[in-house]
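J.: I'd like to ask you about the structure that follows.
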Amino acid sequence: MLLTLLTFSSLHAADSASPPGTEAAEASRLSKRDAVILGVVEGITEFLPISSTGHLIVTNHALGLDADDPLFDDNGQPLWARPPSAEDPVGVPLTLKLAADTYIVVIQVGAIAAVMFIFWPSIAGILRGLTGHDPVGLRLLRNIALAFFPVVFVGLAFDDWIDANLFSIPTVIAALVVGAGFMWFAERWRKQRATVTDKAPADLTPREAVQIGFIQCLALWPGMSRSMVTMVGGYFSGLAPAKAAEFSFLVGLPVLGGAAVYKGWQAGPAMISLFGWTEMLIGGAVATLAAGAAVKFLVSYLQKFGLGAFAIYRVVLAGALAIWMLD
């Protein structure tokens, strides 16, 4: 929260001082500083239960990367995310917001790399399971797949509606508060059960894995947090906090990877032509380092304290954003 709000206050002041007429030229490029900031925010928030999408919406606003005006090249010709065609005569004009939204999804590949490195033993078990040498790894793969498919179907069905209606600061504020209440309920439920379990993600039943998958669909609401709802789903399926976090990270691999491929296919070339390869690689590398540190911290923290402090953080952040919007 502190990083996002400080970023907003300092950069908003700088942007408001820009001379008239320079916004279009300056806004159509991503600086290396912006790439680092977005990489840090993406990496830190992607796997913490505080909503990476919510933080990145606010950060994009702070960096002035949320303009919806169509962009044009130096010759005055429109830039296209998806050019007009026989199937789509109107096409999709490239806007700064669309390019920035695509950018933050694509640099999630860096966060994926961090999780693959940290949880390589589990991934290696899955690979052995595919060759018939590790039944535990094969069950883990089954559970990841079952938790993955519900959010894919729902996400693809409502992708355009979500982009048009839910990517705003007011909806993020609402999701932060609702998610905090969901976390408090889950923590109270877990502590009342007061049973110590060594249940692993591979031990989930198919029904439990699917249940987690449907709960994960709540994360399509920006600000809710995919990692949070998946962890809570793990709680309800009998996983201890650290194991619920591990399953959340592993389920995130196909979810985030699929989103990066989908968004990259839709608008990746246009985004790269606007922002450049260097800035994308910087953002991805920074996201890798930040995500690795965040995952290590979260697993250690959850073993001792659970999700309660993150619920408080979400409410404080929601309040700070609401106050800022009233100014």
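J.: Residues that are modelled with pLDDT under 80 and touching a Leu at 6+ places or on another chain (Cβ under 9 Å): does segment 29-43 have at least one?
T.: Among the residues of segment 29-43, at least one is modelled with pLDDT under 80 and touching a Leu at 6+ places or on another chain (Cβ under 9 Å), which makes the answer yes.
J.: Further, regarding this structure: Suppose we keep only residues that are open to solvent by less than 50 Å² (accessible area, probe 1.4 Å) and more than 24 Å from M224 (Cα to Cα) within segment 43-77. Which one would you say is farthest from the chain's Cα centre (by Cα)?
T.: So the residue we want is G76.
J.: Further question on the same structure: Scan segment 101-112 and give yes if some residue there is in a helix (DSSP H, G or I), of a type in the set (D, E) and open to solvent by less than 20 Å² (accessible area, probe 1.4 Å), otherwise no.
T.: No, segment 101-112 contains no residue that is in a helix (DSSP H, G or I), of a type in the set (D, E) and open to solvent by less than 20 Å² (accessible area, probe 1.4 Å).
J.: Residue check, G238 against (1) assigned to a loop (DSSP other than H, G, I, E, B); (2) at pLDDT 95 or above, all met but one. Which one?
T.: Exception for G238: condition (2).
J.: Moving to a separate point now. Can you find a residue in segment 130-142 that is open to solvent by less than 50 Å² (accessible area, probe 1.4 Å), among the aliphatic types (A, V, I, L, M) and closer than 30 Å to P201 by Cβ?
T.: The answer is yes, given that some residue of segment 130-142 is open to solvent by less than 50 Å² (accessible area, probe 1.4 Å), among the aliphatic types (A, V, I, L, M) and closer than 30 Å to P201 by Cβ.
J.: OK, next. Yes or no: A318 more than 23 Å from L141 (Cβ to Cβ) and open to solvent by less than 10 Å² (accessible area, probe 1.4 Å)?
T.: Spelling it out, A318 is indeed more than 23 Å from L141 (Cβ to Cβ) and open to solvent by less than 10 Å² (accessible area, probe 1.4 Å).
J.: Take the residues of segment 164-190 that are farther than 14 Å from L218 by Cβ and without any contact (Cβ under 8 Å) to a residue 12 or more places away in the chain: which is surrounded by the fewest Cβ atoms within 10 Å (Cβ to Cβ)?
T.: The selected residue is A164.
J.: Let me ask another. Could you list all residues from segment 288-306 that are under 18 Å from the mean Cα position of the chain (by Cα) and open to solvent by less than 30 Å² (accessible area, probe 1.4 Å)?
T.: Selection gives A290, A291, G292, A294, V295, L298.
The values are calculated or read from the model by the stated rules, or taken from the named source; none is laboratory data. Since we're looking at a predicted model, the values are computed, not measured. Please note: Cβ atoms are built from the backbone with ideal geometry, for glycine as well, and neighbour counts cover all protein chains shown. Please note that ligands, DNA and RNA were not included when accessible areas were found on the heavy atoms of the full protein model with its side chains. Shrake-Rupley method; radii C 1.70, N 1.55, O 1.52, S 1.80 Å.
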